[in-house]
1. Please pick out the residue among Gln45, Gln3, Gln61 that is loosely packed, with under 14 Cβ neighbours inside 10 Å and either modelled with pLDDT under 85 or not acidic (Asp, Glu) (or both).
2. Starting from residues that are at pLDDT 90 or above and under 11 Å from Glu90 (Cβ atoms), keep the ones in region 11-34 and report whichever is surrounded by the fewest Cβ atoms within 10 Å (Cβ to Cβ).
3. Go through region 64-82 and give me each residue that's surrounded by fewer than 20 Cβ atoms within 10 Å (Cβ to Cβ) and in a strand (DSSP E or B).
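The values are calculated or read from the model by the stated rules, or taken from the named source; none is laboratory data. Treat the numbers as computed from the prediction; the structure is a model and nothing was measured. Cβ placement follows ideal geometry from the backbone for every residue including glycine, while neighbour counts extend to all protein chains displayed.
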Amino acid sequence: MSQENDVAAPADEEPRHILVLPDRDAAEEAAAELAGRFGLLEEPQLVRDALAGEDDAEDAQWLLVLTAAAGDLDPAGLDAFAAEWDGWREEP
């Protein structure tokens with residue numbers, strides 16, 4: 001019997017879409033709106049992404065991370081949604 005040391009993350013936990021937003025307020029408002037508009041099966045994860053060399057919270061971007069568990073989401077729809085909040089979508 002062999003043991004494997006590398007265990008892959010379940011497919012539903014891997015990021016499928018990342019929305020980058022300019023500040024925390026926008027990210028929190030977008031997260032609430034996102035769930036209602038797209039009928040998410042799982043809440044997006046809110047993550048602070050500090051810019052290199054910056055300690056000030058105002059110099060941070062905020063990410064909404066959506067996994068496969070959130071459901072099948074249209075990339076073009078997410079692009080348009082992120083743009084409404086002065087943000088954009090990135091591929092993980």
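1. On the way: Gln45 fails: loosely packed, with under 14 Cβ neighbours inside 10 Å; Gln61 fails: loosely packed, with under 14 Cβ neighbours inside 10 Å.
It is Gln3.
2. Residue satisfying both the conditions and the ranking: Val20.
3. Let us first name the residues in region 64-82 that are surrounded by fewer than 20 Cβ atoms within 10 Å (Cβ to Cβ), namely 65, 68-69, 71-77, 79-80.
Correct list: Val65 only.
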